[in-house]
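Peer 1: Okay, here's the structure, questions in a sec.
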Amino acid sequence: MPILKAEGLSVDYFTQRGRLHAVSDVSFSLEEGESLGIVGESGSGKTTLATALLKLLPMNAEVVSGRVEIQGMDVLSMDEESLNKSLRWRVVSYVPQASQNALDPLYRIDDQFVETVHAHVDMPREEILHKAMELLLRVGVEPSKLRSYPWELSGGQKQRVMIALSLILKPKIVILDEPTTALDTIIQAQILELFRELKEYERLTAIFISHDISVISNVANRVGVMYAGRLVELGSSESVFYTPLHPYTQGLLKSVPDLRSDTPYSYIPGSPPDLVSPPSGCPFHPRCPLAMEICKKINPALEAYDGEHLVACHAVKR
């Protein structure tokens, strides 16, 4: 049984302009110990997908359809108390986008560890702080920083504190949303290496979300590519990065400069679609170099191309 499974998940936002279809009919599963990377442009639905998996959507969002199971628990049918006591942080934790700003600047780091743990389990403060010190050492932060305020830490230190905070109750799954954004290149590399070590020694199952395809290539053994709220390609890292099938995936890869090659990089023309009134058919067809007449009328389903390599594209011959 997969440790996490999403089936036909669709999420809308209520806006002044009407319903915005942020996630549309997304399905995937995750085995224990796997690392799934979700990549796509800003606005493709990555963060909405992550928060929907934990039922942490904002007030103006609604799960229109679908099902989420984590360790056999039906997440979307659980109430808030059950989620906090049985699922969140104990089974799955979340490192949010711009997590450096998720720490309360008015409270010391030790108090934030204690408050987080007490929201989910009863544990003596001394035990919490002992675990926090061990985790800070593991992520490369001096335990003395527990007595610091967030504004006394560097960006890289705050990011590491958030990762340590997500591991305090030894969850089986960690969802990391843009964990290297706004960090310099050296700190990014350190965070990615830290994540690889944690995954290896803790046997963590992880969902790693980023708009940076080069980051995903370093940490994920499976990759899902999102466009306009849909998964348009899903497969192993090797198959998606070395034999990309969807024109959008191909465009993303070509837009990354390769210092080892003389091949010039290119970009995907146009802009992502308006998800309040998306185009008919395949949402990528206005920007797609391979678009055909059928692409304007019918939105292709995500189907198997070769084994577990899935793609949603009329131009791909199966």
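Peer 1: Restricting attention to the stretch 39-96, which residues are within 25 Å of F113 (Cα to Cα), hydroxyl-bearing (S, T, Y) and in contact with a Lys or Arg (Cβ under 9 Å, 6 or more places away or on another chain)?
Peer 2: Passing the criteria: only Y94.
Peer 1: Here's a follow-up. If you scan the stretch 195-241, which residues turn out to be within 14 Å of the chain's Cα centre (by Cα), over 26 Å from D258 (Cβ atoms) and among the hydroxyl-bearing types (S, T, Y)?
Peer 2: Result: T205, single match.
Peer 1: For residues in the stretch 168-195 being out of contact with any Ser or Thr (no Cβ under 9 Å at 6 or more places or on another chain) and not aliphatic (A, V, I, L, M), which is surrounded by the fewest Cβ atoms within 10 Å (Cβ to Cβ)?
Peer 2: T185
Peer 1: Looking at this structure, is V139 within 22 Å of L204 (Cβ to Cβ), touching a residue at least 12 places away in the same chain (Cβ under 8 Å) and not assigned by TED's automatic domain parsing to the domain that holds I70? Please lay out each step first, then the result.
Peer 2: Values: within 22 Å of L204 (Cβ to Cβ): yes; touching a residue at least 12 places away in the same chain (Cβ under 8 Å): yes; not assigned by TED's automatic domain parsing to the domain that holds I70: yes.
Spelling it out, V139 is indeed within 22 Å of L204 (Cβ to Cβ), touching a residue at least 12 places away in the same chain (Cβ under 8 Å) and not assigned by TED's automatic domain parsing to the domain that holds I70.
Peer 1: For the stretch 202-279, which fully contained strands (runs of 3 or more DSSP E) count at least 2 residues that are farther than 20 Å from G43 by Cβ, in the same structural domain as R17 (by TED's automatic domain parsing) and in contact (Cβ under 8 Å) with a residue 12 or more places away in the chain?
Peer 2: Fully inside the stretch 202-279 and qualifying: 205-210, 230-236.
Peer 1: Restricting to the stretch 127-167, name every residue that is among the acidic types (D, E) and either over 19 Å from I186 (Cβ atoms) or out of contact with any helix residue (DSSP H, G or I) (no Cβ under 9 Å at 6 or more places or on another chain) (or both).
Peer 2: E127, E134, E152, listed by residue number.
Peer 1: Next up: Name every residue in the stretch 47-95 that is within 13 Å of A6 (Cβ to Cβ), charged (D, E, K, R) and either touching a Ser or Thr at 6+ places or on another chain (Cβ under 7 Å) or outside any loop (DSSP other than H, G, I, E, B) (or both), in order of residue number.
Peer 2: R67, E69, D74
Peer 1: Taking the condition surrounded by 13 or more Cβ atoms within 10 Å (Cβ to Cβ) and either among the charged types (D, E, K, R) or touching a Ser or Thr at 6+ places or on another chain (Cβ under 8 Å) (or both), does R147 pass?
Peer 2: When the stated conditions are applied, R147 does not pass them.
Peer 1: Every residue in the stretch 68-126 that is aromatic (F, W, Y) and within 21 Å of K170 (Cβ to Cβ), please.
Peer 2: W89, Y94, F113
Peer 1: With at pLDDT 85 or above and among the β-branched types (V, I, T) as the only criterion, which of I186, I175 stands out? So that I can check it myself, show each step before the final result.
Peer 2: On the way: I186 fails: at pLDDT 85 or above.
Exactly one of I186, I175 is at pLDDT 85 or above and among the β-branched types (V, I, T), namely I175.
Peer 1: For S266, are the conditions met, namely being among the polar types (S, T, N, Q) and farther than 23 Å from G66 by Cα?
Peer 2: Answer is yes for this residue.
Peer 1: Filter the stretch 98-144 down to the residues that are of a type in the set (G, A, S) and buried (at least 19 other Cβ atoms within 10 Å of the Cβ), then identify the one that is modelled with the lowest pLDDT.
Peer 2: Filtering the stretch 98-144 for residues that are of a type in the set (G, A, S) and buried (at least 19 other Cβ atoms within 10 Å of the Cβ), the one modelled with the lowest pLDDT comes out as S99.
The values are calculated or read from the model by the stated rules, or taken from the named source; none is laboratory data. Worth saying up front: this structure is predicted, and the values here are computed from it rather than measured. Cβ sites come from the backbone with ideal geometry, for glycine too, and all protein chains shown count toward neighbours.
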